[in-house]
Structures are given as structure tokens and as C-alpha cells.
Amino acid sequence: MEANTPLEIVIVGGGTAGWMVATALVSGLRPHQARVRLVESDDIATVGVGEATIPAMRDYNRFVGIDEVEMLRATNGTFKLGIEFLDWGFKGSNYHHPFGVHGQSIGGAGFHHQWNRARLAGHDFDIEDFSYAIAASRADRFEFPNPNPEAIDSTYSYAYHFDASLYAKFLRKVAESRGLKRTEGKVVDVTLDGASGDVASITLASGEVVKGDFFVDCTGFRGLLIGQTLNSPFEDWTHWLPCDRAWAVPCARAGRFTPFTRSTAREAGWQWRIPLQHRTGNGYVYSSAHISDDEAAAVLLANLDGEALDDPRQVKFKAGRRTASWTCNVMAAGLSSGFLEPLESTSIYLIQIAVMNLLKLFPGKRVEPALVEDFNRRVDMEYDRVRDFLILHYHANTRTDGTLWKQCREMPIPDSLREKLELFRHRGHAPNYRDGLFAMPSWISVLLGQGVTPRGYDPMADNAPLAQTLAELERQRAAITRRVPAMPSHAEFIDRHCA
Ligand SMILES: Cc1cc2nc3c(=O)[nH]c(=O)nc-3n(C[C@H](O)[C@H](O)[C@H](O)COP(=O)(O)OP(=O)(O)OC[C@H]3O[C@@H](n4cnc5c(N)ncnc54)[C@H](O)[C@@H]3O)c2cc1C
């Protein structure tokens, strides 16, 4: 192989992962750097779920040059300002994980420290009243954030909900228009290079042999290359995240047209509600050790806000990740690299992370081990952080129904999460990563929402007189209350821009 010929990249799988990877590669690489081909089988269905995202997806769109309004039109999409959690900490509790901050810093100390200082002094402000994203969510309103960073309506971000099957079709059009070659065909055999152990080629049912320098495994839970062929081990996290099945069903659009995802805790798991333009997506994620499949389906169907439009469809899964998502000349993206339940809509983000890191560490024809190590370290870190964040939702609960909740409350948690909980309880210190998930406001909203309250606050907060803090809290709350009613409703905004 010559060093200066383009890298031949073969992506196997055409679900959300395959098409996101394909679109990013053909957008980020020039023809002299790589030739990208995608193989997918019409006989093997995609998982077909995965309809809620997080704001990082806007970076993906910017990188590949996708116009979000065009994307939302093509996928019957809507906007998302965060997630509403019902009954999670205890039955009857309600909190939002908003995309945006709670308040602005006062006297040089972080806002939540000043809020907590006021609370401990007996002034009971609701922290959610200081989030613009939450105020807009409660009012079912949406517009793009104000680009002026001084404005109160610049203090939030947003993501999308969309129809997963339409999204893959949309990306396919984009990728093919930029030179991607697609082949329909089922992979029936994989040939390894005897000397290196790399994947040399795949054989399709038609008999065609597709050779490549580098392969991306997007074959979903099967993990055809990374797992079945290269045996990259799977680290099982079921002991921390016991939900292992979901029923999914669409229903007619009814009730509120919310600019947020709703997650309602149930006896053996939780139910999602995702509003799209033409229907509402619903699902019950549950632990099969705590409820039967039939009961779970019945619970889901009894809790829809419109008529079911199809029979419920079951998906089985296991929480965990590959110990090496990149092994030899194969990188896994999507469900083949690992699975974390959709509670915080992070799987599509993890696909984005994988392909952006692949571009950053782009290999030559011979893969340097240092690239592989660095890639796996970055991907592992992202998985591990999301894992801790998800476990927090289950662990910090005082629910009295169902054995699932008692089990999660009493289970040993990872040390990395235990430390975070102790730091937050001590003086409200929350993780503040330079990049990656989750940002401090997210941790604060879920920690407080799940009932974890700090005993103290950052001593810096005392630099401002308490009276000044209280006046500033009143001012910030009033600014949000005044501005939100001027926003269009989510439905009006969609009708005007992306229907
Ligand atoms: C219940 C549930 C809810 C979810 N909700 C969300 C969410 O809200 N937000 C989010 O970000 N993520 C969510 N996810 C995750 C999300 O659905 C996936 O990350 C995403 O769809 C990517 O799937 P995939 O492309 O890896 O796999 P799949 O969709 O399974 O695609 C696999 C592809 O590989 C092909 N293939 C397989 N074997 C072969 C073969 N032998 N030859 C040729 N082709 C083959 C198939 O034809 C298919 O095209 C959810 C997942 C589940 C299970």
C-alpha cells in the first residue's frame, strides 16, 4: 500500500451511527485523504429509536454544514430545552434538567452558592425560577437564544427531537451528495490479515468482497466486527443500571406541545415522552427482573396522552461499553461500541464523539498504537462520566414503591460518583469539566432535583452582603418572568420556521 493514496474507509451499518459517521467523514475529509464507502443491509432493520438529543448536536450540524431548520423540516423535528423529570426523587416530585444555567454569578461567587447561602439563611427561593430554559419550558415557549450575551434570553441552549428513521434518510441524502458510495448488502464473512490481525475485507451475500484500510463498525448491538470478529470485551454495567428492556410506541399528538422531553419514573423503570410534529414518541425503559414484559407494555399503553398509532415494539439491551472501541483497524460507533440507556439522550452524542475523535486522530494506512490508546481513553472517559450521571438519577431517590428503587438506593456506586456526591453535600461543589459531558449546571439541576442538598457553600459567597444577594436574586428572577411571555409558543415557532 502506498502512503499517499487515500485511506479506503468502509463503514458497516446504516443506522443513525452509520450515517452520522459517514456524513462527518465525507464532510471533514478531502478525496485525496479518504474514500468512504458504506455497506448496509435492507434485510436487517435498524433499532429505529433514538429521537431526543442534547445541545452538542448543534456542533455536529455546524461541523458537517447541516442547516438545522432544513433538518427539522425533513425529520418532523421539534426543539428541546431540557428534560422534565416526574416522580424521580420521590412520587410527586418534579424537576427539570434545563439546557442552560441557573442564574448569573453574584459578587464573584457561583450563582448556586449564593442561592444556597440565601436558602441556609432562611430565604427559600426555588432555584428553578432562575433558569430561563425552565421558565420557557413551563410556558411551552421557544425561540432561538439571543446572541447578545448580556441579555437574559441568551442564558439557555437547545437541542432537537426528531423521527429517527427520517433522520438516517436525511443524512444519507447529505452524505451521498458529497461523494459517499453506498452498497446494499449483507455482510456474511469477515477476513482478517494473518500477520496484523486487522480486518482485511468483508464478504457480502452477493459474493462481492469489499476490501478496506480502515473499518467502522456501525452494526448496532451485533458488533459484527468489533465484537464477533475482534472479540473486544464488553464491560457490563447492569449492576449499576439494571434496566435492560424497553417498549416503544408512537401515539397521536395530543395534550401539550412541549419544548422538552418528559421522563416519568415508574415502579420498574421510567417512561419517555418525546413530542414530534406529527406524533408523540413514547417508551417504557424497565428492568425485566422487576416487571414482566406484558405488564410493562400495559403500563406504557395506559399512560399515553393520545391514541397508540402502532403496536408496542420491544428492544432488549445491556448497559456497558467495549473496553476498546477502537481495536486494530476497526473503530466502533453507536450501539456496537456500548449502550447507556436513553435517560439523558446521550447515545447520539457518543456517536458524534467517536467520529470527531477519529477525525482528530486520523490514522494512516498503518494504525499507530498511540492513536488507538488516546482514542479509547477519550471515549472511555465520556462513557464513564455519562454512566455516573445516569446512576445518580437512580441512586438518589426516596421512593417507597417497587424493589428497583430500594435496590438502586442501597447499591454500591462507583467511587467517582461517591466523591462527587460528597463534594456536593459538603459545600455544593459540582464537576466543572473543560469539555465533555456533563457541564456543572446539569449536575446541579439533577443533584438538587433528586434531593441532594449541600450543607454549606463556597466561602467566596460571603464577600457580597446578604442583602445585596437577596436583591440580586429578586432582580434576576423578575427579569426572566418579564421576558418569557414575549416568546412565541413552541407550536407557533415550529409553524413559522420548520413545519
Ligand atoms: C429504547 C432506546 C431508546 C433510545 N433513545 C435514544 C435517544 O432518545 N437519544 C439518543 O441519543 N439515543 C437513543 N438511543 C440510542 C440510539 O437509538 C442509537 O444510538 C442509534 O440509533 C444508533 O444505532 P446504530 O446505528 O448503532 O444501530 P442500528 O440502528 O441497529 O443499525 C445497525 C445497522 O447495521 C446494519 N447491519 C447489521 N448487521 C449487518 C450485516 N451483517 N451486514 C450489513 N449490515 C448490517 C443494519 O442493517 C443497520 O443498518 C436509544 C436506544 C434505545 C434502545
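The values are calculated or read from the model by the stated rules, or taken from the named source; none is laboratory data. This is a predicted model, so every value here is computed, not measured. Cβ sites come from the backbone with ideal geometry, for glycine too, and all protein chains shown count toward neighbours. Note: accessible area is taken over every heavy atom of the protein model, side chains too, but ligands, DNA and RNA are not part of it. Shrake-Rupley method; radii C 1.70, N 1.55, O 1.52, S 1.80 Å.
Below are the figures for this structure:
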| item | result |
| --- | --- |
| Scope the stretch 428-442; condition at pLDDT 95 or above and of a type in the set (Ser, Thr, Tyr); matching residues | Ser442 |
| Check on Thr238, open to solvent by 40 Å² or more (accessible area, probe 1.4 Å) and among the hydroxyl-bearing types (Ser, Thr, Tyr) | yes |
| The lone exception for Ser347 - which of (1) among the small types (Gly, Ala, Ser); (2) within 30 Å of His96 (Cβ to Cβ); (3) surrounded by fewer than 23 Cβ atoms within 10 Å (Cβ to Cβ) it fails | (3) |
| Qualifying residue in the stretch 176-184 (condition: exposed (fewer than 13 other Cβ atoms within 10 Å of the Cβ) and free of Cβ contacts under 8 Å to residues at least 40 places away in the same chain) | yes |
| The stretch 44-69, subset of a type in the set (Gly, Ala, Ser) and under 27 Å from Asp435 (Cα atoms), residue farthest from the ligand (Cβ to nearest atom) | Gly65 |
| Residues satisfying the stated conditions in the stretch 56-87, i.e. within 29 Å of Ala478 (Cβ to Cβ), of a type outside the set (D, E, K, R) and buried (at least 19 other Cβ atoms within 10 Å of the Cβ) | Phe79, Leu81, Gly82, Ile83, Phe85 |
| Some residue of the stretch 312-328 being buried (at least 18 other Cβ atoms within 10 Å of the Cβ), more than 20 Å from the chain's Cα centre (by Cα) and within 16 Å of the ligand (Cβ to nearest atom) | yes |
| Residue among Ala298, Ala289, Ala254, Ala302 that alone is surrounded by fewer than 23 Cβ atoms within 10 Å (Cβ to Cβ), at pLDDT below 95 and more than 25 Å from Gly15 (Cβ to Cβ) | Ala254 |
| Close pairs from the stretch 37-59: first of a type in the set (Gly, Ala, Ser), partner at pLDDT below 95, Cβ under 8 Å, at least 6 apart | Gly48/Ala164; Gly48/Ser165; Gly50/Ala164; Ala56/Leu437 |
| Filtered residue count, the stretch 20-67, keeping only those that are of a type outside the set (Lys, Arg), closer than 18 Å to Thr346 by Cβ and not in a loop (DSSP other than H, G, I, E, B) | 9 |
| Failed condition for Glu8, given (1) acidic (Asp, Glu); (2) within 14 Å of the ligand (Cβ to nearest atom); (3) over 19 Å from Gly220 (Cβ atoms) | (2) |
| Residue list for the stretch 191-233, filter: among the hydroxyl-bearing types (Ser, Thr, Tyr) and more than 10 Å from the ligand (Cβ to nearest atom) | Thr191, Ser196, Ser201, Thr203, Ser206, Thr229, Ser232 |
| Scan of the stretch 133-148 for residues that are under 26 Å from the mean Cα position of the chain (by Cα) and surrounded by fewer than 20 Cβ atoms within 10 Å (Cβ to Cβ), ordered by number | Arg138, Ala139, Asp140, Glu143, Phe144, Pro145, Asn146, Pro147 |
| Test: residue in the stretch 34-43 that is open to solvent by 30 Å² or more (accessible area, probe 1.4 Å) and more than 16 Å from the ligand (Cβ to nearest atom) | yes |
| Test: residue in the stretch 244-255 that is in contact with a helix residue (DSSP H, G or I) (Cβ under 8 Å, 6 or more places away or on another chain), assigned to a loop (DSSP other than H, G, I, E, B), more than 11 Å from the ligand (Cβ to nearest atom) and not assigned by TED's automatic domain parsing to the domain that holds Val47 | no |
| All positions within the stretch 120-132 that are surrounded by fewer than 22 Cβ atoms within 10 Å (Cβ to Cβ) and either in contact with a helix residue (DSSP H, G or I) (Cβ under 6 Å, 6 or more places away or on another chain) or in a loop (DSSP other than H, G, I, E, B) (or both) | Ala121, Gly122, His123, Asp124, Phe125, Asp126, Ile127, Glu128, Asp129 |
| Matching option when the condition is of a type in the set (Val, Ile, Thr) and touching an Asp or Glu at 6+ places or on another chain (Cβ under 8 Å), among Ile106, Ile152, Ile127 | Ile106 |
| Criterion: farther than 18 Å from Lys365 by Cβ and without any contact (Cβ under 8 Å) to a residue 12 or more places away in the chain - qualifying residue of Gly194, Gly207, Gly220 | Gly207 |
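Okay, residues lined up against (1) at pLDDT 95 or above; (2) in the same structural domain as Leu225 (by TED's automatic domain parsing); (3) within 11 Å of the ligand (Cβ to nearest atom); (4) within 24 Å of Ile274 (Cα to Cα):
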| residue | (1), (2), (3), (4) |
| --- | --- |
| Ile152 | yes, no, no, no |
| Ala175 | yes, yes, no, no |
| Leu180 | yes, yes, no, no |
| Glu184 | yes, yes, yes, no |
| Asp189 | yes, yes, yes, no |
